[in-house]
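Since every read-out is calculated from the coordinates, none of them should be taken as a lab result. Please read these numbers as outputs of a predicted model, since none were measured by experiment. All Cβ positions, glycine included, derive from the backbone under ideal geometry; neighbour counts span all protein chains shown.
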Amino acid sequence: MAKAMGLNTIFSYLYWHHIEPHQGQFNFTGNNDVAAWFQEIQNAGMKAVLRPGPYICGEREWGGLPGWLTQISGLKIRSNNSPFLTASGNYFAKVGAQLQSALISNGGPILMVQIENEYGYVGSDHAYTNALSNLLKTSFPNTKQYTNDGAQEGAIKSGQVPGALSVIDGTDSKNGFKLRDQVVKDQSSLGPLMNGEYWIRWFDSWGPHNGHSSYDGDTAGKAGRASELDWILSNGHHFSIYMFHGGTSFAFGSGSGGPNPVSPFTTSYDYGAPLDETGRPASIYTNFRNAVIKYSPNTPAVPSTPPLVAVPEFALKPMQGLFDTLPTPRTSSSPMSMEATGQVFGYILYESIITAAALGKVQAGPGAPRDRVIIYVNGQKKGVIDAIYKTPASISIDVVKGDKLWLLVENLGRADNGFSDQTKGVVGDVTVGSTKITIWNHYNFPLEAAPALSGKQETKTSDALY
C-alpha cells in the first residue's frame, strides 16, 4: 500500500524493550525478526531508514527503553552515562549483527540510521549524542546517520551531531526547513531537507472525552495536508509520513504521558494515518496519493481492499479469578518494586498479614501511586488509588491483627518522554495512618500470555479473566 501511494522508503522504529525484555536475553523471533522485516522491504523494491533508539518515543512504553534499566545502579537514561551507554551499545551490537546484510553498503535496503530521537527537546549533552553516534558507527558501519528534532531553534541546535544530517519534524515543513538552514552552521550536518516525521493527526489517550483523531469528513484538512506534500516534492525536498500505518500497540506495549497525572496511551495507534489500524486505506490515502504520484513515475495500482469480516455477537464471561491460583511469592520485610522482583509489565500483588491494629489513609509509597493501586482487606475491595488523577483518591481502612491486606498494583505504562523515575509497583514503605506495614509477599502477574480458559466453569468473582 505504501508503494501504491508512490512512496519509496519505509522508516522503521525498533523496540529495545521487546528485543531485550530481560537484561542479556535477546529475542529476534516473531515480530522481533528484524532481518526478515527489512528483507520484506527489499523484496517490495523499497528502501528503508532504521530508527533503533535507544530512545524512540513513539508513545511506546518508556519510549522503547526496557524497564530493567531501572535496576542498574547509577544508570541515568539519555545521558553521557557509562551504564546507559554500555547497555545501549550491547543492544546496538546485537541488532547490528542481525542487520549487516540489510545495510545499503552490503546490498541491503537500509539507507540511513537515526541517532536517538528528538533529543533536542530535552537536552543538549553533545557528549552523549556523539557517543551514541560512535556506537552506531560500530554496529552499522558505512551507513549515513541523521538526527530528528522539532522545528525549533533550540531543539535543532541541541540535537545536531557533527557528520549526521540534521532533520526536522512537525506539521510546518516550510518554516522548519528554513530554520534548519539558519540554525545549523556545521556543513557536515547540512544537506537534503527532510521532514522526518510529517505528523498526520495525533495519538489517543485513555480518559479524555475527545473523538478519535482522523481526517474522515474533513475535506479542507485533507486538501491542506496533501498540498504541503506537493510543495515539499515540487521543491526537491523529502518527507516521512508519521504515521503511514500506526497499527496497534499490542499487550502492554503502549506507554503514557505524565508523570503527574499519568495519561496512559490507548493500545490503538491508528494516528489518523492513511492506512488505518485494520490495514485499509483511510480517506486521506487518496489525497496523499494524488499529490505524490506526480513525482513518482511507475507507481503501481492500489491493491484491492480485503472485505470486512462479520463477527457475530458474543458474550464475555468471567472464566478465571485473578487470585484463584496465586503464583509462588517472594517475601521481604519491606515492599519490593515491580522491577526488583524481575517483572516489567502487568500487575503485581502485595500481601501483608496485619500484626497490629491500624486505622487511616493507605499510602503505597511516598508521592503518587505507580500507577493504579486497588486495595483489598480480607478479599473485599476497599477502593482504588489511581495516578491518572492529579489528586488521586484518598482511601482509608480499619484493620486489626490477622487481617489480610492486599495491594494490587497495575503498571499503566512508563512515561514515553522526559527523565522521571519510572520504577513501578510500590516504591518505599506502605503505611495505614501512621502505622508502617511490614513483611510482604509479592505475587507476580505479568500476563505475558493469556491463560488457557477453555473447559473452565464461569467464576463469580469480579476480578476475573474473561
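Could you give the length gained by full extension between residue 301 and residue 39, i.e. 0.36 nm per residue of separation minus their alpha carbon distance, to one decimal place?
Working: separation 262, 0.36 × 262 = 94.32 nm, distance 2.23 nm.
Between residue 301 and residue 39, full extension yields 92.1 nm more.
Taking 7 Å along the Cα-to-C-beta vector as the label spot, tell me the residue 186-residue 310 distance in nanometres, rounded to one decimal.
It is 6.1 nm.
Go ahead and run the numbers for FRET between residue 105 and residue 420, Cβ-Cβ distance against an R0 of 35 Å, rounding to 0.05. Don't jump to the answer; show the numbers that get you there.
Numbers: r = 39 Å, r/R0 = 1.12.
Once the sixth-power term is evaluated, E becomes 0.35.
Starting from the amide H of residue 200, placed 1.01 Å from N in the peptide plane, find each other amide H under 5 Å away whose residue is 5 or more places distant or on another chain.
Long-range HN contacts for residue 200: 242, 243.
Rounded to the nearest 10 degrees, what's the angle between the helix 82-99 long axis and the longest principal axis of the chain, both from Cα atoms, 0 to 90?
60 degrees
For residue 80 and residue 46, what is the calculated FRET efficiency with R₀ set at 35 Å and r taken between the beta-carbons, to the nearest 0.05?
Values: r = 36 Å, r/R0 = 1.02.
Efficiency, rounded to the nearest 0.05: 0.45.
Could you run the Karplus curve 6.51 cos²θ - 1.76 cosθ + 1.60 with θ = phi - 60° over region 347-364 and give me ³J(HN,Hα) per residue in whole Hz, x for Gly and Pro?
Running phi through 6.51 cos²θ - 1.76 cosθ + 1.60 with θ = phi - 60° gives 10, 9, 9, 9, 10, 9, 8, 5, 9, 7, 4, 8, 9, x, 5, 7, 10, 9 Hz.
Can you give the charge dipole size of region 1-147 about its Cα centre, rounded to the nearest 20 debye, using +1 on the beta carbon of Lys and Arg and -1 on the beta carbon of Asp and Glu? List each step's numbers first, then the result.
On the way: 9 positive and 8 negative charges, 56 e Å.
Its charge dipole is roughly 260 debye.
Against the longest principal axis of the chain, how steep is helix 173-183, in degrees 0 to 90 to the nearest 10, with axes from Cα atoms?
With rounding to tens, the tilt is 90 degrees.
Taking the Cα centre of the chain as origin, sum charge times position over the Cβ atoms of Lys and Arg (+1) and Asp and Glu (-1), and report the length of that vector in debye to the nearest 20.
On the way: 35 positive and 38 negative charges, 64 e Å.
Here the size comes out at about 300 debye.
Classify region 3-295 as rounded, prolate or oblate, taking a ≥ b ≥ c as the square roots of the eigenvalues of its Cα gyration tensor: rounded when a/c is under 1.5, otherwise prolate if a/b is larger than b/c and oblate if not.
Values: a/c = 1.37, a/b = 1.22, b/c = 1.12.
It comes out rounded by the Cα gyration axes.
Could you give the size of the charge dipole of region 320-465 about its Cα centre, using +1 on the Cβ of each K and R and -1 on the Cβ of each D and E, expressed in debye and rounded to the nearest 20?
Working: 14 positive and 14 negative charges, 59 e Å.
So the magnitude is around 280 debye.
Alpha carbon centre of region 189-236 versus region 341-412: separation in Å?
Between the Cα centre of region 189-236 and that of region 341-412, the gap is 43 Å.
As a test, work out the antiparallel percent of DSSP beta bridges whose residues both lie in the chain, rounded to the nearest 5.
On the way: 47 of 72 bridges.
That works out to approximately 65 percent antiparallel.
Which angle between 0 and 90 degrees, to the nearest 10, do you get for helix 283-292 versus the longest principal axis of the chain when only C-alpha atoms count?
Rounded to the nearest ten degrees, it is 30.
Can you sort 46, 194, 336 so the residue with the fewest Cβ neighbours within 10 Å comes first?
Details: 46 15, 194 25, 336 20.
By the 10 Å Cβ count, ascending: 46, 336, 194.
Between residue 94 and residue 31, what is the label-point separation in nm under the 7 Å Cα-to-beta-carbon projection?
Output for this residue pair reads 1.7 nm.
Per residue of the chain, what 222 nm ellipticity follows from adding -39500 (n - 2.57) for every DSSP H run with n ≥ 4, rounded to the nearest 500? Present the calculation step by step, with values, prior to reporting the outcome.
Numbers: 8 runs with 90 residues, N = 466.
Mean residue ellipticity, 222 nm, calculated: -6000 deg cm²/dmol.
What nm value, rounded to one decimal, do you get for the distance between residue 202 and residue 124 when each label is placed 7 Å out toward the C-beta?
Here the modelled spin labels are 2.8 nm apart.
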